[in-house]
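I have placed the structure first, in the form of structure tokens, so that the comments after it can refer back to it.
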Amino acid sequence: MNKIIRVLHTEWSDGWGGQEIRIISEMLSMRNRGVEVFLACRKNSTIKHKALENKIPVFTLPFRGNLDLISIFKLISLIRKNKINIVNTHSGKDTWVGGLAAKISGIKFIRTRHLSNLINSSRLNFINEIADYIFTTGESVKLNMIKFNRIKPEKIQSIPTGVDSKIFNPNLFSKKTTRIRLGIKEGEICIGIVAVLRDSKRHDNFLKIAQMLKNKYSNRNFKFLIVGDGPYKENIERNVQELSLEDDVMLIGHVENVAEVMSAIDIFLFTADRREGVPQVLIQALMMDLKVVSTDDGSIVDLKNGENFLISSPEISMLFSNACKAVENYSKTDFLRSSRNHIVDHFSSEASANKILKIYREILHE
């Protein structure tokens, strides 16, 4: 009989973005497959409340630093009390704490690396090397860790964050109805971005391109949709005013019904320029059959399948050129066919969960 798999996830971050959303989604997918899941996080973190909403057992620890002995020994106690057999860590500080606690406890240690920036290659930064397995969110992240951080190729796999294809299905929504609800007029070309409002997403470039498109296509009507919330909200509002785009840009904040809002968009313009793996939001946009223009940041190229979207460097002139192609052809059904079936087969939550469960079983020798 297979042993019960009990996985304790650790997360230092207080925020709520793609990384934290992936953790909760992954835990729910694993629970549906018979895995018992637990979360250790900081007291005031958003992920704590999201986990509790989903009836996931939560333990709070300070995670004050890489060698926070109080957190390490409390985690060891939790591991033993709850008969945990895998610790899966997610951010820098909790990876040290969780990884050391797992090793001291004699159980398996998995490191999930979400960001694409290079990790310090110093021999003293050995925590990733002692992991039993590493998940990354993109192929470029995996290759960099093999090259610069001495990770053995057989101990690491890229498993991009899966998206629920049952939710992100364009056939479930009426584009016309959603546009009316959002106040997007008939005939307006809706260009949108869905992302946390932080500097790495480069909403400033999104707005500059919006102004450039308005100036070039003065005979067309546009509506630029910014979906999300975050620390750069005031900066973005100020940029809108400086560029005189108050009548053209809609900031609608954080939404729960992302798929429905996406159904109103004609062209999805993704301007992020650093630290991306394979962004969930691009998978979502491609599942919704949107025309996508994106930077080549991180592992975004992993989503490429023929001519399913336009990709370039984050340089504004390159993005603008591709945005122009999309504007001029957005109504053509044969332009930028998203190959939704390919995205579903390789990047759905179902596909990702199956890969993760397979690794869990392998490292536990089932």
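The values are calculated or read from the model by the stated rules, or taken from the named source; none is laboratory data. Only a predicted model underlies this, so the values are computations on that prediction, with no experimental measurement involved. Cβ: placed from backbone, ideal geometry, glycine included. Neighbour counts: every protein chain shown.
Of all residues in segment 101-149, which are among the charged types (D, E, K, R), more than 23 Å from Asn82 (Cα to Cα) and buried (at least 18 other Cβ atoms within 10 Å of the Cβ)?
Narrowing segment 101-149 to residues among the charged types (D, E, K, R): 103, 108, 111, 113, 123, 129, 132, 139, 142, 147.
Remaining after also requiring more than 23 Å from Asn82 (Cα to Cα): 113, 123, 129, 139, 142, 147.
Listed by number, the residues that qualify are Arg113, Lys142.
Listed here are the residues, each with its yes/no results for (1) within 26 Å of Met212 (Cα to Cα); (2) surrounded by 16 or more Cβ atoms within 10 Å (Cβ to Cβ); (3) without any contact (Cβ under 8 Å) to a residue 12 or more places away in the chain; (4) hydroxyl-bearing (Ser, Thr, Tyr).
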residue: Glu260; (1), (2), (3), (4): no, yes, no, no
residue: Thr271; (1), (2), (3), (4): yes, yes, no, yes
residue: Pro279; (1), (2), (3), (4): yes, yes, no, no
residue: Val293; (1), (2), (3), (4): yes, yes, no, no
residue: Arg340; (1), (2), (3), (4): no, yes, no, no
residue: Phe347; (1), (2), (3), (4): no, yes, no, no
residue: Asn354; (1), (2), (3), (4): no, no, yes, no
residue: Ile359; (1), (2), (3), (4): no, yes, no, no
residue: Leu364; (1), (2), (3), (4): no, no, no, no
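In segment 215-252, what count of residues is obtained for those that are modelled with pLDDT under 95 and of a type in the set (Asp, Glu)?
Looking only at that region, the number is 1.
Search segment 304-327 for residues that are within 19 Å of Ala285 (Cα to Cα) and pair each with any residue that is assigned to a helix (DSSP H, G or I) and among the hydroxyl-bearing types (Ser, Thr, Tyr) when their beta-carbon atoms are under 8 Å apart and the residues are at least 6 apart or on different chains.
Ser312/Ser321
Could you check segment 169-191 and list, in sequence order, the residues that are in a loop (DSSP other than H, G, I, E, B), of a type in the set (D, E, K, R) and in contact (Cβ under 8 Å) with a residue 12 or more places away in the chain?
So in segment 169-191, the residues in a loop (DSSP other than H, G, I, E, B) come out as 169, 173-174, 183-188.
Pick out the ones that are also of a type in the set (D, E, K, R) and you get 185-186, 188.
Once the filter is applied, which keeps residues that are in a loop (DSSP other than H, G, I, E, B), of a type in the set (D, E, K, R) and in contact (Cβ under 8 Å) with a residue 12 or more places away in the chain, segment 169-191 yields Lys185, Glu188.
Looking at (1) under 25 Å from Phe135 (Cβ atoms); (2) modelled with pLDDT of 95 or more; (3) of a type in the set (Val, Ile, Thr), can you tell me which one Ile316 breaks?
(1)
So Ile119 clears everything in (1) free of Cβ contacts under 8 Å to residues at least 60 places away in the same chain; (2) more than 20 Å from Ile156 (Cα to Cα) except one condition, right? Which one?
(2)
Quick one: would you say Lys83 is of a type in the set (D, E, K, R), surrounded by 16 or more Cβ atoms within 10 Å (Cβ to Cβ) and within 27 Å of Pro62 (Cβ to Cβ)? Full working, then the answer.
Working: of a type in the set (D, E, K, R): yes; surrounded by 16 or more Cβ atoms within 10 Å (Cβ to Cβ): no; within 27 Å of Pro62 (Cβ to Cβ): yes.
Answer is no for this residue.
Of the residues that sit in segment 202-246 and are surrounded by 15 or more Cβ atoms within 10 Å (Cβ to Cβ) and aromatic (Phe, Trp, Tyr), which one is nearest to Gly17 (Cα to Cα)?
Selected residue: Tyr232.
For segment 66-77, state whether one or more residues are under 25 Å from Lys142 (Cα atoms), assigned by TED's automatic domain parsing to the domain that holds Ile156, touching a helix residue (DSSP H, G or I) at 6+ places or on another chain (Cβ under 6 Å) and not acidic (Asp, Glu).
First pass over segment 66-77, keeping only residues under 25 Å from Lys142 (Cα atoms): 66.
With the extra rule that they be assigned by TED's automatic domain parsing to the domain that holds Ile156, the set shrinks to 66.
From what is left, the residues that are touching a helix residue (DSSP H, G or I) at 6+ places or on another chain (Cβ under 6 Å) are 66.
Remaining after also requiring not acidic (Asp, Glu): 66.
Taking every residue of segment 66-77 in turn, at least one turns out to be under 25 Å from Lys142 (Cα atoms), assigned by TED's automatic domain parsing to the domain that holds Ile156, touching a helix residue (DSSP H, G or I) at 6+ places or on another chain (Cβ under 6 Å) and not acidic (Asp, Glu).
So Arg198 ticks every box in (1) closer than 19 Å to Leu286 by Cα; (2) among the charged types (D, E, K, R); (3) touching a Pro at 6+ places or on another chain (Cβ under 8 Å) but one. Which box is left unticked?
Result: Arg198 fails condition (1) only.
What do you reckon, is Asn88 within 25 Å of Gly277 (Cβ to Cβ), assigned by TED's automatic domain parsing to the domain that holds Arg22, out of contact with any strand residue (DSSP E or B) (no Cβ under 9 Å at 6 or more places or on another chain) and among the polar types (S, T, N, Q)?
Details: within 25 Å of Gly277 (Cβ to Cβ): yes; assigned by TED's automatic domain parsing to the domain that holds Arg22: yes; out of contact with any strand residue (DSSP E or B) (no Cβ under 9 Å at 6 or more places or on another chain): no; among the polar types (S, T, N, Q): yes.
No; evaluated as a whole, the condition is false for this residue.
From the residues in segment 295-338 that are aromatic (Phe, Trp, Tyr) and part of a loop (DSSP other than H, G, I, E, B), which one is surrounded by the most Cβ atoms within 10 Å (Cβ to Cβ)? Spell out how you get there, then give the answer.
Of the residues in segment 295-338, the ones aromatic (Phe, Trp, Tyr) are 309, 320, 330, 335.
Now drop any that are not part of a loop (DSSP other than H, G, I, E, B), which leaves 309, 330, 335.
Numbers: Phe309: 25, Tyr330: 16, Phe335: 14.
Going through the qualifying residues, I end up with Phe309.
Taking segment 187-221, which residues are of a type in the set (Asp, Glu) and under 23 Å from Lys175 (Cβ atoms)?
Going residue by residue through segment 187-221, those that are of a type in the set (Asp, Glu) are 188, 199, 204.
Glu188, the sole residue that qualifies.
Residue check: is Asp266 assigned by TED's automatic domain parsing to the domain that holds Thr333, surrounded by fewer than 24 Cβ atoms within 10 Å (Cβ to Cβ) and on the phi < 0 side of the Ramachandran plot?
Working: assigned by TED's automatic domain parsing to the domain that holds Thr333: yes; surrounded by fewer than 24 Cβ atoms within 10 Å (Cβ to Cβ): yes; on the phi < 0 side of the Ramachandran plot: yes.
In short, yes.
So which of Val258, Val163 is among the aliphatic types (A, V, I, L, M) and at pLDDT below 95? Before you say what the answer is, go through the steps one by one.
Numbers: Val258 fails: at pLDDT below 95.
None of the other options fit; the residue is Val163.
Can you confirm whether Ser200 is under 25 Å from Glu139 (Cβ atoms), outside any loop (DSSP other than H, G, I, E, B), out of contact with any His (no Cβ under 7 Å at 6 or more places or on another chain) and not aromatic (Phe, Trp, Tyr)? So that I can check it myself, show each step before the final result.
Values: under 25 Å from Glu139 (Cβ atoms): yes; outside any loop (DSSP other than H, G, I, E, B): yes; out of contact with any His (no Cβ under 7 Å at 6 or more places or on another chain): yes; not aromatic (Phe, Trp, Tyr): yes.
Spelling it out, Ser200 is indeed under 25 Å from Glu139 (Cβ atoms), outside any loop (DSSP other than H, G, I, E, B), out of contact with any His (no Cβ under 7 Å at 6 or more places or on another chain) and not aromatic (Phe, Trp, Tyr).
Test of understanding: among Val141, Val58, Val37, Val87, which residue is without any contact (Cβ under 8 Å) to a residue 24 or more places away in the chain and under 23 Å from Glu20 (Cβ atoms)?
Answer to the check: Val58.
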